[in-house]
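Notes for the one structure printed next.
The values are calculated or read from the model by the stated rules, or taken from the named source; none is laboratory data. On a predicted model such as this, the values are computed, not experimentally measured, just so you know. Using ideal geometry, Cβ is built from the backbone for each residue, glycine included, and neighbour counts are taken over all protein chains shown. Just the protein is used for accessible areas: all its heavy atoms, side chains included, with ligands, DNA and RNA removed. Shrake-Rupley method; radii C 1.70, N 1.55, O 1.52, S 1.80 Å.
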Amino acid sequence: MTISFHADFDGGNIELKGGDNGRFDLAIRPDSASHHYQWFYFRIDGAKGQPLELRLVNAGTSAYPDGWPNYQARVSGDNADWTCAETTYAGGVLTITYTPTTDSVWFAYFAPFSSERHTALVAQYAAALGVRHDVLGHSLDGRPIDRLRFGSGELQVWLYARQHPGETMAQWWMEGALDWLSSPQAGALLGAATVHVVPNMNPDGSARGHLRTNAAGTDLNREWAKPTAERSPEILCVLNAMIESGVDFAMDVHGDEAIPHVFIAGFDGIPSLSDRQSVLFRIYTESLDLKTPDFQRQHGYPIAAPGRANLAMSTAALAERFGAVSMTLEMPFKDHDDAPDPVHAWSPARSRKLGQDCLSTLSGMLEDFTGR
């Protein structure tokens, strides 16, 4: 049976450059109108029992080449259960070695989260008792920017994910967060807060198989200072809704290519930094660290110097504009080295559980936020 490659589906990304006898050269397609690329997702048919050597020959010039050492590609025989495939990186080439046990086999940078799954997720919670759904606006390709609202309290909480569409662990996190918000455990939080959830900020990039940008090649997490309808309508409509509601707490959910840890980045360096913001941020991160081994506070991004925060990024922009306790949660494409899993590495299941733990931690801080 002839071996064939396919990426002409939602989120798909790969180009076949050549090869035979199980050894193939592949290239990752850059985001539209952008130099960024790193996300890949493709299917191989007709290779059952055939040892494969898949060489991603342009890995060395990808957006984050430091993401490849010690990284393991994900593989699935059913496009649902994803495990690690033997992966090496040398000379700018990422090589995946695997022998399929099924006629069709999927490979991906991380377990994909499809547009179809997103639509089903929104429909599930939009129909739930007490949940309000609306469309804040539309992407450049005309896709809805969905918001789900839980609770009716005064504290305004915003959760949003996939500004960078290839960071699919962020939407797996959202599944866990939404599950927790619909559970009895959420009662105290939803009595004190209104929780706004935007599960996918960049549906165009998600469908197109992009790593980092929208349909115009725009990095949405560099648009929060001056979003426009032409470049970043996704940010414009969400920011307008935030202005209408106010923001007290915000979590921007991401994945990091290079750092093998789960961590949180804050808003140090904003001009109006207050002691209250800093104290609440410290309490939150310390509490989350105590709650789960799938989080740590030793490794992360450098802290911005006073007055040097990038106000075009959402976490700093919301902290400065609203006085919010805002933060960027980063999960790894590699593994969380503090609690490694040699079979799955960082995974959808761990992302979902972290979403639950993050909201449980926030619920435990209500007195700190409200003073009551």
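Results for (1) charged (D, E, K, R); (2) more than 17 Å from the chain's Cα centre (by Cα), shown as yes or no for each residue.
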site: 172; (1), (2): no, no
site: 175; (1), (2): yes, no
site: 181; (1), (2): no, yes
site: 189; (1), (2): no, yes
site: 222; (1), (2): yes, no
site: 240; (1), (2): no, yes
site: 254; (1), (2): no, no
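Scanning region 325-342 for residues that are open to solvent by 30 Å² or more (accessible area, probe 1.4 Å) and not acidic (Asp, Glu) turns up 340, 342. With a requirement of 3 or more residues that are open to solvent by less than 40 Å² (accessible area, probe 1.4 Å) and either modelled with pLDDT of 95 or more or out of contact with any Lys or Arg (no Cβ under 6 Å at 6 or more places or on another chain) (or both), the strands (runs of 3 or more DSSP E) lying completely within region 1-53 that satisfy it span 23-27, 41-45. Sub-8 Å Cβ pairs linking a first residue in region 312-330 that is on the phi > 0 side of the Ramachandran plot to a second residue that is open to solvent by less than 10 Å² (accessible area, probe 1.4 Å), at least 6 apart or interchain, are 323/277, ordered by first then second residue.
The selection criterion, being in contact (Cβ under 8 Å) with a residue 24 or more places away in the chain, within 21 Å of residue 9 (Cα to Cα) and either among the acidic types (Asp, Glu) or crowded, with 24+ Cβ neighbours inside 10 Å (or both), does not hold for residue 216. Residues that are outside any helix (DSSP H, G or I) and of a type in the set (Phe, Trp, Tyr) within region 319-372 comprise 333, 346, listed in sequence order.
To keep it simple, each residue is scored yes or no on (1) modelled with pLDDT under 95; (2) assigned to a strand (DSSP E or B); (3) out of contact with any strand residue (DSSP E or B) (no Cβ under 8 Å at 6 or more places or on another chain).
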{"site": "81", "(1), (2), (3)": "no, no, yes"}
{"site": "94", "(1), (2), (3)": "no, yes, no"}
{"site": "102", "(1), (2), (3)": "no, no, yes"}
{"site": "106", "(1), (2), (3)": "no, yes, no"}
{"site": "111", "(1), (2), (3)": "no, no, no"}
{"site": "120", "(1), (2), (3)": "no, no, yes"}
